[in-house]
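To start, the structure itself, in structure tokens.
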Amino acid sequence: MDFDFTDDQKFLKGEARRFLESRCDVSVVRGVLNDPARSYDAGLWKAVAEQGWMGAAIPEAHGGLGLGHIELAAIAEELGRALAPIPFSSTVYFLAEALMLAGSDAQKAKWLPKIAAGEVIGCFATSERPGALTEAQAQARVENGKLTGAKIPVTDGDAANLAVVLAKEGGRVGLFLVELDGPGVTRETIQTLDPTRGVAKLTFEGAPAERLGEAGEGLALAEQVLNRAAVLLAFEQVGGADRALEMAKSYALERYAFGRPIGSYQAIKHKLADIYIKNELARSNAYFGAWALETGAAELPVAAAASRVAACEAFWFAAKENLQTHGGMGYTWEVDCHLFYRRAQQLGLVAGGAKAWKERLVCALEQRNAA
Amino acid sequence: MDFNDTPEEAAYRTEVRAWLEANAPKRSGENDLGLEDPVSMDAAKAWQRKKAEAGYACITWPKAWGGGGGKSWQSVIFGQEESKVSTPGNPFAIGLGMCVPTVMTAGKEADKERFVRPAVLGDEIWCQLFSEPAGGSDVAAARTRAVRDGDDWVINGQKVWTSGAHFSDFGLLLTRTDVDQPKHKGMTMFWIDMHAPGVEVRPIHQMSGASNFNEVYFTDLRVKDSQRVGAVGDGWKVSLVTLMNERLSVGGGGGGSGHGRVMKLASDIATLAGSASKDAGLREKIADWFVQAEGLKYTTYRTMTALSRGQTPGPENSIAKVVSAGVMQDMAHTAMDLEDQYGIITDPKLAPLNAAFQTMLMGAPGLRIAGGTDEILRNIIAERVLGMPQDVRLDKNVAFKDIPTGR
């Protein structure tokens, strides 16, 4: 039994925390929040690329560090903790994972080294309308290698160079790679709840598209990509939830009401204890998810769904109750509570909401019971 | 991250499995009668002795005391493997988990010589006499008086919620010896002979119908000063050793695979909108229960990892009981709601799954209270793990006799 980060992984995690504390304090996050023209922090993106983090789980043969998904998870936790305003998840958890999962040798050779070097920003474009990921989201069409249709919302779609797009070709759903700097692509920035992350509507009119993976496998592949991304996003959520708890703790100790620290009241104590409980449950589920992802275990669908459900609940709860603990100050623009409240929603929806994941989890349990 | 045993762990697990295979008693009907039944008690004692002689009882305790002289991770592995085979009930948990470790930490050398080995061998059973009618969550409110009389102490008062008092040989008793001192300072700990004159055990009739706990009354119970555990006035300090061990041993378990039973139940039940298996509300709840049970399971693995690495586990395991008790109650209530009118039936021959959910519903309130209520456990997490200050108290630095009691 060895159910924790190794010493090397802990060292990497500690280094990542120190790096982000110096390069991504809250003023960096607020810089993107306050400037509608910026969808991410380009300086931080470059610095993170120099650390090699985009290639943490990309094999050395493709220009990555070839470390693995546990190491990537450790980095993810720190990025989540820092609310890093960069297109890391779209590029690494979605695009790179999709390529490693389903890409041809040529596609991998072409794109993975550029991703690892931080030269390519990616996005994962599945949604077209409100609701969960079903075939109804694949109205976009590919004919003769040209894509027509629209995807909204696409996280990091305004900055991305390469999109993975869910679309139909000859009546069958597939995933397609589309270069967004090429012809036939229009981007429109979309306002969202979390302006520290960029989101766009992508409109395609005859944009060159190349199939990723087998024809007709689009939904199944998308689910596999989502399983992988869900585990890594869960670490970002756990990182954010832990930091929200730390904020609530220190405020509860410094804020006095009725002559004593508010942290001495059971109403606040029990709230903080409940945050702690949910955070620990989320961390433990995420560890299992990381193990399943790293080893390619058959449990991945169950582990990923459990990681996602627990992490969505934990970050949402920690973010909203941290804000509540801060009282009126928590509702102001100046205090950071709303940054976590926003990011909890962004991370809670970007790979599909908890409701859909709960359904996916029970389906996976039913399959397991039937086997 | 690796779920697999290290080579050292795997070797130990193999050895344990082989030993259990060869030695664990085959399950027989009388084991189900409860420890009140003499046949069950004899089987439990025989199993404990067998484990002790093989070094599998109190694995982490020194061999000189009858323990196994082993490591914490070995103890965890043995526990995992033992839970997979059917073994007799365990009346020794409170003694070996809490009382005897307290004697080992705070007791006299002569007491250690006298008590540790017989307890490990299962020859003598202990109970913990702390809670009182006026002191449940607030253990330091204990009023049971011990008054010095020459070389003896004379004890009068009442304890409550004492598990296993009816079959215990010895008890660890927290008493009030000085009512003029503040509450935490005027207490003293003793060990007592549960068969001595002046000790009366009365079972508590629980709302579930069972009687796992007792009231214990002391009427002019005479104990020697040599039965004192720790110094006069140090009773609270000594009790903290016991309670720390309680938090390590209580918790976990409960409701682990419960979601599977609800899924099985749902497959046989219709709602107004079709099969209960397809009910979206129920499916969300199943997912929530599963995620919590899995979270607890892997939290235990994290604790075990720390032990394997020779580190002190973090506080993460403190969440176990508060989560599992709540899940158990919610699950039982939801499952009975699914059963609809039929849900009220408790006859195991009639109720689905042998009335498992009805039994859970009636057991859950006890689990939410025993070993620290939901509320006290949240206080402990907030104060000891998260560093929140204690609540304002009206009972500090006040003589015990002057503390408001409400009656």
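The values are calculated or read from the model by the stated rules, or taken from the named source; none is laboratory data. Predicted model, so just to flag it, every value in this text is computed and none were measured. All Cβ positions, even for glycine, are placed from backbone atoms using ideal geometry, and neighbour counts span all protein chains on display.
Matching residues to (1) surrounded by 16 or more Cβ atoms within 10 Å (Cβ to Cβ); (2) without any contact (Cβ under 8 Å) to a residue 12 or more places away in the chain; (3) in a strand (DSSP E or B); (4) touching a helix residue (DSSP H, G or I) at 6+ places or on another chain (Cβ under 9 Å):
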| position | (1), (2), (3), (4) |
| --- | --- |
| A:148 | yes, no, yes, no |
| A:158 | yes, no, no, no |
| A:165 | yes, no, yes, no |
| A:182 | no, no, no, no |
| A:193 | no, no, no, yes |
| A:203 | yes, no, yes, no |
| A:207 | yes, no, yes, no |
| query | So residue B:45 clears everything in (1) buried (at least 19 other Cβ atoms within 10 Å of the Cβ); (2) away from chain A (no Cβ under 14 Å); (3) modelled with pLDDT of 90 or more except one condition, right? Which one? | reply | (1)
| message | Of everything in the stretch A:65-76, what is surrounded by fewer than 24 Cβ atoms within 10 Å (Cβ to Cβ) and either under 15 Å from the mean Cα position of the chain (by Cα) or not in a helix (DSSP H, G or I) (or both)? Give them in sequence order. | response | A:65, A:66, A:67, A:68
| Those helices (runs of 4 or more DSSP H) lying entirely in the stretch A:282-371 with at least 3 residues within 9 Å of another protein chain (Cβ to nearest Cβ) and surrounded by fewer than 24 Cβ atoms within 10 Å (Cβ to Cβ) | A:354-370
| message | For the stretch B:326-349, which positions are out of contact with any Gly (no Cβ under 6 Å at 6 or more places or on another chain), farther than 14 Å from residue B:276 by Cβ and crowded, with 17+ Cβ neighbours inside 10 Å? | response | B:326, B:329, B:330, B:332
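With respect to residue B:81, is the statement that it is within 14 Å of chain A (Cβ to nearest Cβ) and either within 24 Å of the chain's Cα centre (by Cα) or under 23 Å from residue B:244 (Cβ atoms) (or both) true? Working first, answer last.
Working: within 14 Å of chain A (Cβ to nearest Cβ): yes; either within 24 Å of the chain's Cα centre (by Cα) or under 23 Å from residue B:244 (Cβ atoms) (or both): yes.
Judged against the criteria, residue B:81 is a match.
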| query | Inside the stretch A:243-273, can you point out the residues that are farther than 13 Å from residue B:388 by Cβ and within 9 Å of chain B (Cβ to nearest Cβ)? | reply | A:259
| Residues of the stretch B:198-237 satisfying the condition of being in a strand (DSSP E or B) and either among the β-branched types (Val, Ile, Thr) or surrounded by fewer than 17 Cβ atoms within 10 Å (Cβ to Cβ) (or both) | B:199, B:200, B:201, B:202, B:203, B:216, B:219, B:220, B:222, B:223, B:224, B:229
| message | residue B:12 - would you say it is away from every other protein chain (no Cβ under 14 Å) and at pLDDT 95 or above? | response | no
| Which fully enclosed helices (runs of 4 or more DSSP H) of the stretch B:68-132 have 1 or more residues being hydroxyl-bearing (Ser, Thr, Tyr)? | B:72-84, B:100-106
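Here is a list: B:395, B:391. Which entry is surrounded by fewer than 19 Cβ atoms within 10 Å (Cβ to Cβ) and either in contact with a Phe, Trp or Tyr (Cβ under 9 Å, 6 or more places away or on another chain) or outside any loop (DSSP other than H, G, I, E, B) (or both)? Show your work before the answer.
Working: B:395 fails: either in contact with a Phe, Trp or Tyr (Cβ under 9 Å, 6 or more places away or on another chain) or outside any loop (DSSP other than H, G, I, E, B) (or both).
Being surrounded by fewer than 19 Cβ atoms within 10 Å (Cβ to Cβ) and either in contact with a Phe, Trp or Tyr (Cβ under 9 Å, 6 or more places away or on another chain) or outside any loop (DSSP other than H, G, I, E, B) (or both) holds for just one of B:395, B:391, which is B:391.
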| field | Scan of the stretch A:189-244 for residues that are under 24 Å from residue A:339 (Cβ atoms) and in the same structural domain as residue A:133 (by TED's automatic domain parsing), ordered by number | value | A:189, A:190, A:191, A:192, A:193, A:194, A:195, A:196, A:197, A:198, A:199, A:200
